[in-house]
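Engineer: Below is one structure. I have some questions about it.
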């Protein structure tokens, strides 16, 4: 029996792994390979291999049909968020481009993807199951956070961290002086 | 009914896997992951047990996990049009919102 079905699962795991790595840590030192890894994983999952079982084939085809409209949809929403008014300054070109892409995404979804034909029960049950995991996870986090802190001495800032903090403080103080 | 229970067990396994992958890929020196790993493994075991009990006889743990988790993935992806509709409404709001 071929073991190529693992490619699909590894691809999905890499998507989650890449997204987690990309969101980890402070903004100035996030993993650079996180999002490329997620994209690579998405490509692995998109080109589904042989050897998948019935439910996996259904999940794989649902994923592929969704990606056709979801990727332009997310690009459109990102463009809209960049063009939306911030402090009453709007970027109409970005808004127009964003809404065009979102409209195309909706068209592709409604025309080719048959989005609302799937049985709603399985979606609701899945969301309910994920909520159970979420509640258990929150309880575990609360338990960890409620434990007494250890007596270990926190290490001082490293040279690079000191430089970063100094730079941020001096930049902000300079801005205050300018105002 | 069996498919609903299988989907629920798959969702438990899928959610636990998501938590575990997140813990291992986003770990850092100040993390205390052990209780989180244990709780996720416990939930995953419950999900696996239910999927083994509900699934076809003679199926291995891996087969049961594949079947139930892929059902949950289908259910999750199938709800994405609703999420996209909500996202579109939010986009309408921020596009025409004015800060007074």
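Engineer: Just for the stretch A:45-80: of the residues that are out of contact with any helix residue (DSSP H, G or I) (no Cβ under 7 Å at 6 or more places or on another chain) and outside any loop (DSSP other than H, G, I, E, B), which one is farthest from residue A:97 (Cα to Cα)?
Structural biologist: If we filter the stretch A:45-80 for residues that are out of contact with any helix residue (DSSP H, G or I) (no Cβ under 7 Å at 6 or more places or on another chain), which is where we start, we get A:47, A:50, A:54, A:57, A:61, A:71, A:74, A:78.
Filter once more, keeping what is outside any loop (DSSP other than H, G, I, E, B): A:54, A:57, A:61, A:71, A:74, A:78.
Details: A:54: 40, A:57: 35, A:61: 29, A:71: 15, A:74: 13, A:78: 11 Å.
Across the stretch A:45-80, the extreme among qualifying residues is A:54.
Engineer: Working carefully through the options B:93, B:66, find the one that is surrounded by 12 or more Cβ atoms within 10 Å (Cβ to Cβ) and either facing chain A (nearest Cβ under 9 Å) or more than 19 Å from residue B:17 (Cβ to Cβ) (or both).
Structural biologist: The unique qualifying residue is B:66.
Engineer: Just give me the residues in the stretch B:3-40 being within 15 Å of residue B:71 (Cα to Cα) and surrounded by fewer than 19 Cβ atoms within 10 Å (Cβ to Cβ), in sequence order.
Structural biologist: Hits for the stretch B:3-40 are B:3, B:4, B:5.
Engineer: Checking the structure you have, find out if any residue of the stretch B:77-87 is in contact (Cβ under 8 Å) with a residue 40 or more places away in the chain and in contact with a helix residue (DSSP H, G or I) (Cβ under 8 Å, 6 or more places away or on another chain).
Structural biologist: Looking through the stretch B:77-87, none of the residues is in contact (Cβ under 8 Å) with a residue 40 or more places away in the chain and in contact with a helix residue (DSSP H, G or I) (Cβ under 8 Å, 6 or more places away or on another chain).
Engineer: Does at least one position in the stretch B:71-86 carry a residue that is more than 7 Å from chain A (Cβ to nearest Cβ), more than 29 Å from residue A:32 (Cβ to Cβ), in a helix (DSSP H, G or I) and modelled with pLDDT of 90 or more?
Structural biologist: Checking the stretch B:71-86: at least one residue is more than 7 Å from chain A (Cβ to nearest Cβ), more than 29 Å from residue A:32 (Cβ to Cβ), in a helix (DSSP H, G or I) and modelled with pLDDT of 90 or more.
Engineer: Among the residues of the stretch A:3-10, is there at least one that is within 11 Å of chain B (Cβ to nearest Cβ), under 16 Å from the mean Cα position of the chain (by Cα), within 19 Å of residue B:17 (Cβ to Cβ) and surrounded by 13 or more Cβ atoms within 10 Å (Cβ to Cβ)?
Structural biologist: Scanning the stretch A:3-10, I find no residue that is within 11 Å of chain B (Cβ to nearest Cβ), under 16 Å from the mean Cα position of the chain (by Cα), within 19 Å of residue B:17 (Cβ to Cβ) and surrounded by 13 or more Cβ atoms within 10 Å (Cβ to Cβ), so the answer is no.
Engineer: Moving on to the next point. Assess whether residue B:51 counts as being surrounded by 23 or more Cβ atoms within 10 Å (Cβ to Cβ), part of a helix (DSSP H, G or I) and more than 9 Å from chain A (Cβ to nearest Cβ).
Structural biologist: The answer is yes for residue B:51.
Engineer: Also: Kindly indicate whether residue A:136 is touching a helix residue (DSSP H, G or I) at 6+ places or on another chain (Cβ under 8 Å) and on the phi < 0 side of the Ramachandran plot.
Structural biologist: The answer is yes for residue A:136.
Engineer: With A:117, A:126, A:121 as the choices, which residue is at pLDDT below 85, assigned to a helix (DSSP H, G or I) and either within 11 Å of another protein chain (Cβ to nearest Cβ) or out of contact with any helix residue (DSSP H, G or I) (no Cβ under 9 Å at 6 or more places or on another chain) (or both)?
Structural biologist: Values: A:117 fails: assigned to a helix (DSSP H, G or I); A:126 fails: at pLDDT below 85.
After ruling out the rest, the residue left standing is A:121.
Engineer: Among B:16, B:45, which is the only one that is without any contact (Cβ under 8 Å) to a residue 60 or more places away in the chain and at the interface with chain A (Cβ under 7 Å from one of its Cβ atoms)?
Structural biologist: Numbers: B:45 fails: at the interface with chain A (Cβ under 7 Å from one of its Cβ atoms).
B:16 is the lone residue from the list that is without any contact (Cβ under 8 Å) to a residue 60 or more places away in the chain and at the interface with chain A (Cβ under 7 Å from one of its Cβ atoms).
Engineer: What tally of residues in the stretch A:105-114 results from selecting those that are closer than 17 Å to residue A:63 by Cβ and in a helix (DSSP H, G or I)?
Structural biologist: The total comes to 5.
The values are calculated or read from the model by the stated rules, or taken from the named source; none is laboratory data. Everything numeric in this text was worked out from a predicted model, so none of it was measured. Glycine also receives a Cβ, built like all others from the backbone with ideal geometry; neighbour counts cover every protein chain displayed.
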